[in-house]
Amino acid sequence: MTEVPHRLHDKYPELGRGPIPIEPYISEQYWQEEKSKLFRKTWLHVGRVEELPKAGDFFVKDLPACDASIIIVRTKKGDIRAMHNVCAHRMNQIVYEERGNTRKFFCKFHGWAYDLEGNLTGVPDEDCFFDLDRCKYGLTTVACEIWQGFIFIHVDPNPAMTLADFMEPMYGNVEGYPFDKMTSCFSWTTEVDCNWKLALDAFQEAYHVAYVHGNSIADSIKTESGGSMRPLDGLCGDYHRRLSLAGNTKTVYGNPKAVTAGGAALEEALAESAAAKPISAAALKAGAGGARYEFPMEELPEGVNWTGSPDWMFDINVVFPDFYLSLRPNYFQAYNFRPIAHDRTLVEARVYYPEMLTAGGRFYQEYMKVQLRDVLLEDFSTLERTQSACETGAKSHMILQDYEIMVRHAFEVIERVLGRTPAEPIPA
Ligand code: FES
Ligand SMILES: [Fe+2]
C-alpha cells in the first residue's frame with residue numbers, strides 16, 4: 001500500500017485520530033444536553049431576507065431543539081424581528097400558518113392583537129381584566145441578526161456573542177459572495193428517522209461520493225491516479241468548518257466555469273461527457289449564458305475557493321451547529337439539519353440560482369433540480385439504516401479516515417460546547 005500523508009489531520013493534531021463514540025447519536029441524555037447547552041445558546045439560521053420583502057411579511061420556524069416556535073417578521077420600519085409564537089394571555093400560539101403577510105397578529109383564542117413589533121395593541125373586554133398594563137404583555141422577543149442576507153435567531157435575547165463575532169472569524173472572507181443575486185430558489189423538506197448529526201455527517205465528507213453516488217455524480221469529483229477523491233483542503237475553526245473539493249473539468253457537474261464562463265470550459269465539459277450523459281450535456285449547453293448574472297471566478301471573495309485551485313468545484317461550509325452552506329460560482333445550497341428528537345431530524349434543503357432569462361436557462365435549472373433530488377435521495381438512503389444499526393449496540397465507536405475530518409471536528413466542538421471531555425463516559 002502506498003503511504004499517503006494525512007494532510008488534513010496533520011494540520012489539526014489537537015483533534016486526535018482515534019475512534020469516535022456513537023453514544024452522541026443514540027443517547028437521549030446527550031440530546032437533552034444538546035438542547036439546553038447548545039441549541040438554546042447559539043445562533044441558528046432560519047431563512048433569508050428575500051423571504052420577507054414587504055412590511056408585514058412573516059414566517060414561523062418551529063425549533064424543537066429550543067422547545068420554541070418563533071415568528072420572524074418584517075416590521076413597518078423595515079427591520080426584521082423575531083419573537084416567540086406565544087400569546088401573553090393564556091399561551092396559545094398566535095400564528096398557525098407557516099408564512100403570510102399581516103398588519104397585526106391576532107390570537108385565535110380570545111382575539112388579543114399584537115402589532116408587527118410584538119406590542120399588545122388590542123384586548124377584547126379589556127375592562128374585565130384587573131389593571132391590565134398592555135406594555136407588560138407584548139410578545140417575548142428573541143435576538144435576531146442578519147449575516148449576508150441570512151436571518152439568524154438566538155433564543156437568548158442577550159446572546160453572549162454577536163452574530164458578527166460568531167461568523168466572521170471563519171466566514172468574514174466569504175462576505176461579498178453574490179447571495180443577493182441568487183434569488184431563484186427551490187427546496188425540499190423531509191423528516192428522517194435519524195440523529196441530526198448523523199444526517200449532517202453525510203454531507204460533510206466526500207468519501208462516500210464514489211460509492212453512494214457512483215452512478216450519478218461521482219464522475220464530477222476530481223479523482224487521483226489511485227482512485228481517491230482527495231479534498232483540496234479543509235479548515236477547522238472554533239465552531240465552524242470548511243472543506244474544498246476539486247472537480248473533474250471534463251464533466252457536466254465538475255466544471256463550474258462551463259456555466260459561468262462558457263467557451264472553452266463548456267466545450268471541455270461537453271466533449272467527453274456528452275456521450276455518457278447526453279441529457280445533462282444538453283441541459284448544460286442550453287443553460288450557458290441563460291442566467292441574469294454571470295459570476296466570474298476572479299470576482300469571488302477570497303474565502304471562496306480559498307486554495308486558489310484551478311480545479312476547484314465547490315466549498316462545503318458547515319456553520320455551527322446544523323447549517324450546511326455549499327458555495328459554487330453559479331449557485332449555492334443552504335441545508336439545515338434541524339433536530340426534532342434524538343432520532344428524528346427535519347431536513348430543509350434549499351438551492352439558490354440566479355434568475356434565468358432564457359428557456360434554455362430554465363431547462364438547465366429544472367434539470368439540475370431533478371438531478372439534485374436524485375442525489376439527495378441517494379444520500380438519504382443510508383441515514384435511517386445507519387441510525388438503526390447504531391442503536392443495535394453492535395458497535396460502540398466509528399473510525400474515520402483523513403477526509404472525514406469534518407465529522408471529527410463536529411464531534412469535538414460539540415463535546416467542548418457541552419463541557420464534556422472526549423474521555424468522559426456517557427451515562428447509559
Ligand atoms: S390565549 Fe391568546 S387571546 Fe387568549
Ligand atoms: Fe452525498
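All of the numbers you see were taken from the coordinates with simple rules; none came from a lab. As the structure is a computational prediction, the values presented were derived from the model and not from experiment. Heads up, the Cβs are rebuilt from the backbone with ideal geometry, glycines too, and the neighbour counts pull from every protein chain shown.
For segment 352-428, what does the equivalent ellipsoid look like in terms of its semi-axes, each the square root of 5 times an eigenvalue of the Cα gyration tensor, given largest first in whole Å?
Gyration-tensor ellipsoid for segment 352-428: 40, 18, 11 Å.
Pick out, in residue order, every one of the GluC sites (Glu not before Pro) in segment 48-147 that is DSSP loop and has at most 11 other C-beta atoms within 10 Å; say none if there are none.
Listed in order of number, the matching sites are Glu97, Glu98.
Any idea what Rg and Dmax come out to for segment 168-239 if you just take the C-alpha atoms, in Å?
16.1, 40
Could you list the trypsin sites (Lys or Arg not before Pro) in segment 108-182 that lie in coil according to DSSP, counting only those with at most 16 other Cβ atoms within 10 Å of their Cβ?
When the trypsin sites (Lys or Arg not before Pro) of segment 108-182 are filtered for loop state and at most 16 Cβ neighbours within 10 Å, Lys108 remain.
So if the hydrodynamic radius of segment 43-165 is defined as the Kirkwood radius over C-alpha pairs, what does Stokes-Einstein give as its diffusion coefficient at 20 °C and 1.002 mPa s, in µm² per second?
The calculation lands on 144 µm²/s.
Mind checking the full-extension length gain between Lys136 and Thr162? Use 0.36 nm per residue of separation minus the Cα-Cα distance, one decimal, nm.
In short, 6.7 nm is gained.
Could you go through segment 277-287 in sequence order and give the Karplus-derived ³J(HN,Hα) for each residue, using 6.51 cos²θ - 1.76 cosθ + 1.60 with θ = phi - 60°, rounded to whole Hz, and x for Gly and Pro?
With coefficients 6.51, -1.76 and 1.60, one gets 9, x, 6, 5, 5, 5, 5, 4, 5, 5, x Hz.
Return the unpartnered cysteines for the chain, using a Cβ-Cβ cut-off of under 4.7 Å.
So far as the 4.7 Å Cβ criterion goes, Cys66, Cys128, Cys135, Cys144, Cys185, Cys194, Cys236, Cys390 stand without a partner in the chain.
Relative to 2.2 N^0.38 Å, what does the C-alpha radius of gyration of the chain come to as a ratio? Two decimals please.
1.06
Using only Cα atoms, what is the ratio of the radius of gyration of segment 290-412 to 2.2 N^0.38 Å?
Against the compact-globule rule of thumb, the ratio is 1.30.
Shape call for segment 212-314 from the C-alpha gyration tensor, a ≥ b ≥ c root eigenvalues: rounded (a/c under 1.5), prolate (a/b greater than b/c) or oblate?
Here segment 212-314 falls in the oblate category.
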